[in-house]
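The values are calculated or read from the model by the stated rules, or taken from the named source; none is laboratory data. Just so it is clear, the structure is predicted and the values come from calculations on it, not from any experiment. Glycine gets a Cβ as well: all are built from the backbone with ideal geometry, and neighbour counts include every protein chain shown. Accessible surface is based on the protein model in full, side chains and every heavy atom, while ligands, DNA and RNA are left aside. Shrake-Rupley method; radii C 1.70, N 1.55, O 1.52, S 1.80 Å.
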Amino acid sequence: MRYAIYYTPAQDEPLARIAANWLGRDPFGAATRPVEAVGDLSAAEVAFHTASARRYGFHATLKAPFRLAPNETEASLRAALDRFAEATPPVVIPRLVVGQIDGFFALVPETRFAPLNQFAGEVVRAFDPFRAPLTDAEIERRSPDALKPDEFRNLCQWGYPYVFDTFRFHMTLSGRVGPQESPRLRAAIDGLFADVLRQPVPVDALTLFVETEPGAPFMVLSHHALGRGPARKTA
């Protein structure tokens with residue numbers, strides 16, 4: 001069993017609903033749903049391009065998936081999330097846009113936003129004591145030979161290559177897409193998300209996801225509102 005601390009909008013927010021329809025799955029407990037054609041893309045094309053992102057659900061990684069440290073429990077992790085969330089104010093991203101990172105499409109901040117990066121770093125530090133050390137096999141799955149030196153140091157120290165100076169806030173919408181297919185996919189995503197991305201995006205909660213067994217879909221376990229008191233339990 002692995003846990004992850006992500007940002008994702010509340011289930012009833014427009015951004016969450018649009019993303020769930022696009023990916024074909026709602027991580028708040030709903031079953032996988034058939035995807036639909038979008039723009040010039042057929043339903044089969046959408047399903048193909050979203051397959052790798054579907055298992056994780058719509059999210060931005062703050063604390064990457066981890067096994068619990070031997071001296072911690074799910075209850076202690078949720079209690080710590082409650083305390084952290086109660087004491088931490090939300091961060092509002094001025095604008096998200098459609099971008100492409102290493103070949104996959106994602107929603108990313110229009111410009112680098114220091115308060116967001118600082119917040120993400122605080123989450124990494126606060127919850128690292130709950131993380132069991134990576135095994136050699138887990139390190140190998142991250143293709144360490146392909147990482148830059150600072151990314152490899154982050155992987156060994158914090159369990160994930162992309163934290164602090166290498167952090168990139170992103171909400172994944174597809175797998176890797178080749179240059180010939182990218183224009184059609186970008187046009188479909190742009191059209192689908194255009195209206196909802198006109199508004200600022202509040203990062204107003206931390207969401208605890210769980211992978212119950214290797215390869216299982218990540219599901220929302222609890223949603224912890226920032227600066228507003230106890231978590232709103234969802235599972």
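So the values come out like this:
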{"item": "Solvent-free Debye scattering, log10 I(q)/I(0), computed from the Cα coordinates of segment 62-130 at q = 0.11, 0.14, 0.17, 0.18 Å⁻¹", "result": "-0.38, -0.59, -0.79, -0.84"}
{"item": "Accessible-area composition of the chain, carbon plus sulfur, in percent [1.4 Å probe]", "result": "54 percent"}
{"item": "Binned Cα-Cα distances of segment 150-213, short to long, each 5 Å bin given as a whole percent", "result": "4, 11, 12, 16, 19, 18, 14, 5, 0"}
{"item": "Relative contact order of the chain, defined on C-alpha pairs under 8 angstrom at six or more residues apart (%)", "result": "33 percent"}
{"item": "Convex hull volume of segment 1-88 per residue (C-alpha atoms, cubic angstrom)", "result": "119 Å³"}
{"item": "Residue-normalised accessible area of the chain, expressed per residue, 1.4 Å probe, Å²", "result": "48 Å²"}
{"item": "Full-extension gain in nm, Asp195 to Asp150, via 0.36 nm per residue minus C-alpha separation", "result": "12.4 nm"}
{"item": "Label point distance in nm, Thr73-Thr88, each placed 7 Å from Cα along Cα→Cβ", "result": "2.3 nm"}
{"item": "Ratio of the Cα radius of gyration of segment 105-144 to 2.2 N^0.38 Å, where N counts its residues", "result": "1.61"}
{"item": "Sequence of Arg2, Arg17 when ordered by accessible area, the most exposed leading, probe 1.4 angstrom", "result": "Arg17, Arg2"}
{"item": "5 angstrom amide H check on Val203, placed H, neighbours 5+ away", "result": "Val91, Val92, Ile93"}
{"item": "Segment 43-163: relative contact order in percent, alpha carbon pairs under 8 Å with at least 6 residues between", "result": "26 percent"}
{"item": "Helical contribution to [θ] at 222 nm, DSSP H n ≥ 4, -39,500 (n - 2.57), averaged over the chain, rounded to 500", "result": "-10000 deg cm²/dmol"}
{"item": "Protection proxy ranking of 83-95, 140-152 - average other beta-carbon atoms within 10 Å, highest first", "result": "83-95, 140-152"}
{"item": "Segment 89-216, relative contact order [Cα under 8 Å, separation at least 6], %", "result": "42 percent"}
{"item": "Cα-based shape type of segment 58-181, given that a ≥ b ≥ c are square roots of the gyration tensor eigenvalues and the cut on a/c is 1.5", "result": "oblate"}
{"item": "Base-10 log of normalised Debye intensity for the chain (one unit scatterer per alpha-carbon) at q = 0.14 Å⁻¹", "result": "-0.93"}
{"item": "All-pairs alpha carbon distance profile, segment 124-235, 10 Å steps from 0, percent", "result": "10, 26, 37, 24, 2"}
{"item": "Rounded if a/c under 1.5, otherwise prolate or oblate - segment 40-94, Cα gyration tensor axes", "result": "oblate"}
